[in-house]
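The structure appears below as structure tokens.
Any read-out appearing in this document is the output of simple, stated calculations on the displayed coordinates, not a laboratory observation. For clarity, every value in this text was computed on a predicted model and none was experimentally measured. Positions of Cβ are backbone-derived with ideal geometry, glycine not excepted, and every protein chain shown enters the neighbour counts.
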Amino acid sequence: MKGNIEERACRLALYIIENKATVRAAAQRFGISKSTVHKDLQDRLSAFNHPLYLQVKAVLDENKAQRHIRGGIATRRKYKGG
């Protein structure tokens, strides 16, 4: 997904907002690294499309607040075998 960086950042933001996706899920979907997703959304998107940045930031903040719960669920699945 190379090419126009602004377009990529907008597409990433829309994907995360519409699907309430995590950074990891967006990176996997677009075939880029998590670092690139963070760089696109936090640095680049905020510079040229601030309203969209604020929307995606709300989703990312919500995901960050729930991260410890998701980790616990994953650990439970790992040791229960399902």
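Output the residues belonging to the range 47-82 that are in contact with a helix residue (DSSP H, G or I) (Cβ under 8 Å, 6 or more places away or on another chain) and under 12 Å from C10 (Cβ atoms).
Correct list: F48, N49, L52, Y53, Q55, V56.
When the range 1-40 is examined, which residues are found to be in a loop (DSSP other than H, G, I, E, B) and within 18 Å of D61 (Cα to Cα)?
Residues satisfying the conditions are K20, A21, T22.
Could you tell me whether any residue of the range 57-80 is assigned to a helix (DSSP H, G or I), of a type in the set (F, W, Y) and surrounded by 10 or more Cβ atoms within 10 Å (Cβ to Cβ)?
no
Within the range 41-54, is even one residue within 10 Å of the chain's Cα centre (by Cα) and either crowded, with 16+ Cβ neighbours inside 10 Å or more than 20 Å from R67 (Cβ to Cβ) (or both)?
yes
Being without any contact (Cβ under 8 Å) to a residue 40 or more places away in the chain and either of a type outside the set (D, E, K, R) or part of a loop (DSSP other than H, G, I, E, B) (or both) is the filter here, so list the residues in the range 41-56 that pass it.
Listed by number, the residues that qualify are L41, Q42, L45, S46, A47, H50, P51, L54.
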